[in-house]
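The structure appears below as C-alpha cells.
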Amino acid sequence: MLVSEVMLQQTQVERVRRYYERWLERWPTLRALAQATPADVIREWAGLGYNRRALYLQRAALATAEQHGGELPLEPAQLLELPGIGPYTAAAVACFAGDAHVSVADTNIQRVLARVRLGRERAKDCEPSRLREAAETLLPPAGARDHNLALMDLGALVCTARAPMCTRCPLADACCWRGSGAPTADSATRRRQVRFEETGRFARGRIVDALRVAPRMSAQELTEMLPEQHRPHTARYLFALEADGLIEQGSDGMWRLPGQGSTSIASPKL
Ligand code: SF4
C-alpha cells in the first residue's frame, strides 16, 4: 500500500504498474527494503521520475523496521512521523489500508472540492486550508473509505480537469462552480507552460540518470552531458541533489550515487 501510494504520486497508474510489480519482486516486504542501499533504490526507480520518492520509501522502510518491528503503522499520526510521508499519503494509507475515518484529498478529489464547494475551476487557485476544510465538511459520519474512493473516481472519470461532464454528474445540483456559470481562470493567471526540458527538474534527472550508469563522474563531465542552457547551473543542481541525499561527492571530488563508497564531503566542489 505504501509503495503504491508513493509511486502513484504525480505518476499515472499505467506507468506505475510494471515498476510496482518489479519493486515488490525485489523487495517484497518493508524489512527487505530496509536492507537496500540508497544506490539500489535510486537505480530501481530509473524512469519513474521524482527520484527523491525512492529514497524516502527506503528511509520509511528503515524507520518502520527500527521503530515498528517492520510492520507499517496505520495511525495517521504515526505514519506522518515516517520520513517522506506527507499528509496525503498518511491519510490514504490510514484510510485504505487501516479503514481510518479520515478524508483523503488527492489531485482528483481536490479538483472536485474546489468546484463543488469553493466555486473555483482549479484546486491550485484555492487556499489549501479551505480545501482541507471542504474535505472535512463533506466527510460523512461513517464510510470514509467508500466516500473517498467515490470522490476519487468522480474526479478521474467525470469531473476531469479539461472536460467535466456536468450533465452526468451526481453532484451537479450542488456544484458551486457549475451554479455560477463555470467561469474559467483568467487567461492572465494561466502561466505560460514551461517545457519540461527547460526545467531544473529535467536537468537534475539527467544527472541522476548519468550516475545510475557510470559509477563516478566529475562535475565537468556532468556539465558537458547537460543541454547548453543548463550548463551554467550545474553547481546548483549538484548542490540540490546532494542536499536531497540523491548523490554524494567522494574524497576524490567525483560524484556518485550514495552508499557506493566510504567517504563523502558536505559541500560540492566544482
Ligand atoms: S457539476 Fe461539473 S464541475 Fe461540478 S463536480 Fe460535477 S462534473 Fe465537476
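The numbers here are math on the coordinates, done by the rules we state, and not lab data. Predicted model only: the values in this text are computed from it and were never measured. With ideal geometry, Cβ positions are generated from the backbone for all residues, glycine too; neighbour counts draw on all protein chains shown.
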Residue list for the stretch 78-89, restricted to those being assigned to a helix (DSSP H, G or I) and in contact (Cβ under 8 Å) with a residue 12 or more places away in the chain:
79, 88, 89
Restricting to the stretch 135-167, name every residue that is small (Gly, Ala, Ser), closer than 17 Å to residue 177 by Cβ and either more than 12 Å from the ligand (Cβ to nearest atom) or touching a strand residue (DSSP E or B) at 6+ places or on another chain (Cβ under 9 Å) (or both).
135
Read through the list (1) of a type outside the set (Ser, Thr, Tyr); (2) out of contact with any helix residue (DSSP H, G or I) (no Cβ under 8 Å at 6 or more places or on another chain); (3) in a helix (DSSP H, G or I), then give the number of the only condition that residue 98 fails.
(3)
If the requirement is being away from the ligand (no atom under 12 Å from the Cβ), part of a helix (DSSP H, G or I), touching a His at 6+ places or on another chain (Cβ under 9 Å) and among the basic types (Lys, Arg), which of these qualifies: 130, 206, 201?
206
Verdict on residue 139 being surrounded by 14 or more Cβ atoms within 10 Å (Cβ to Cβ), farther than 14 Å from residue 170 by Cβ and of a type outside the set (Asp, Glu):
yes
It is to be established whether one or more residues within the stretch 67-75 are surrounded by 18 or more Cβ atoms within 10 Å (Cβ to Cβ) and in a helix (DSSP H, G or I).
no
